[in-house]
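The values are calculated or read from the model by the stated rules, or taken from the named source; none is laboratory data. Please read these numbers as outputs of a predicted model, since none were measured by experiment. Quick reminder, even Gly has a Cβ in these numbers, built from the backbone with ideal geometry, and neighbours come from all protein chains shown.
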Amino acid sequence: MFRDKTILVTGGTGSFGHKFIPMTLEKYNPRKIIVFSRDEMKQWEMAKLFQGDDRMRFFIGDVRDKDRLYRALDGVDYVVHAAATKIVPTAEYNPFECIKTNINGAMNLIDACIDKGVKGVVALSTDKASSPINLYGATKLASDKLFVAGNSYSGGHETKFSVVRYGNVMGSRGSVIPFFMSIRDQGVLPITDPRMTRFMISLEQGVELVWHAFEDMVGGEIYVKKIPSMKVKDLARVVAPEAKQEVVGIRPGEKLHEQMIGAEDSYFTYEYEEHFKILPNINNWGSCEERIKDGKKVEEGFVYSSDNNSEWMTDEALQAWIEGHFSEIGKI
């Protein structure tokens, strides 16, 4: 699919980009991958990892700047949109900045991709976009709606837009596993609530979901990976079995449980072996056989959340994952 094609990754120096790029270079051998991001130091550090690989390009820019996007998208076949303001408390205290990146940036990218003739765009979403209670989730819900509607907005152009949605990425920078590992020697780990649950997905699984979206999409689908859940208190126990746990309360804008598919989405959601697919409820796309393929309609009122999940990660599975990825945890 990507062989001899050019791919641009917005926010490409983040955790997702650090996994997507080497995996895609190895599997598909694209003509070029362009990293589009605004942090020159992160680009400098990342470029050193790919020194000598003439398939890599680095482009300083911000999704808020439409003119810069137009320049970066010259000759691009596919786009992965990973750029976002995503730390929940940061968004709560800096709402204008979050909206400029997550909503205005999405609109800029949609316009630019249509005008530049990009073949396909997959935008990364989050569990927080389902029934959002914080600003970050609300902006990502708006972003999801923009990318879904982009398929109609594109008119006679051939650009396709779809979305992938997943939860807590295990071991990524700023996530709970490296945080607990960094303070476990202190003997006390802060737990927001002993009932709290989270979905658990690896970066490799996130990359594979994006690949699948590009191969499968007709346009407007939201892909949700089937992944296990775990209680945060159990996760803390695996990371630091000797440490005490101190309940500190939920942070501003934080949910007790993660949700990736809400009851209102159940009318347009189909189940597959390894994922769910939420179809658009506009233009009769929700009943489109080409989009449904071999999917099975979920029951009315179906909710996919981390507390009602049928699959749970065991202590042994988490410990094995930590041991196998120890050198990467918190680094990307």
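A few notes on this one:
- Some residue of segment 280-299 being under 16 Å from Val224 (Cα atoms) and in a strand (DSSP E or B): yes
- Filter pass, Asn309 being without any contact (Cβ under 8 Å) to a residue 24 or more places away in the chain, surrounded by 12 or more Cβ atoms within 10 Å (Cβ to Cβ) and assigned to a loop (DSSP other than H, G, I, E, B): no
- When segment 115-128 is limited to residues that are more than 18 Å from the chain's Cα centre (by Cα) and not basic (Lys, Arg), the one that is farthest from His212 (Cα to Cα) turns out to be Asp115.
- Those helices (runs of 4 or more DSSP H) lying entirely in segment 1-114 with at least 3 residues charged (D, E, K, R) and within 19 Å of Val210 (Cα to Cα): 15-28
- Selection count where residues are farther than 24 Å from Lys225 by Cβ, in a helix (DSSP H, G or I) and among the hydroxyl-bearing types (Ser, Thr, Tyr), scope segment 115-161: 2
- Test: residue in segment 170-186 that is under 30 Å from Tyr28 (Cβ atoms), at pLDDT 95 or above and within 13 Å of the chain's Cα centre (by Cα): no
- Set Ser130, Ser143, Ser125: member being surrounded by 21 or more Cβ atoms within 10 Å (Cβ to Cβ) and free of Cβ contacts under 8 Å to residues at least 60 places away in the same chain: Ser143
- Asp115 vs. criteria under 18 Å from Asp144 (Cα atoms) and acidic (Asp, Glu): no
- Sole residue being touching a residue at least 60 places away in the same chain (Cβ under 8 Å), surrounded by fewer than 17 Cβ atoms within 10 Å (Cβ to Cβ) and of a type outside the set (Ser, Thr, Tyr), chosen from Glu299, Glu221, Glu290, Glu246: Glu290
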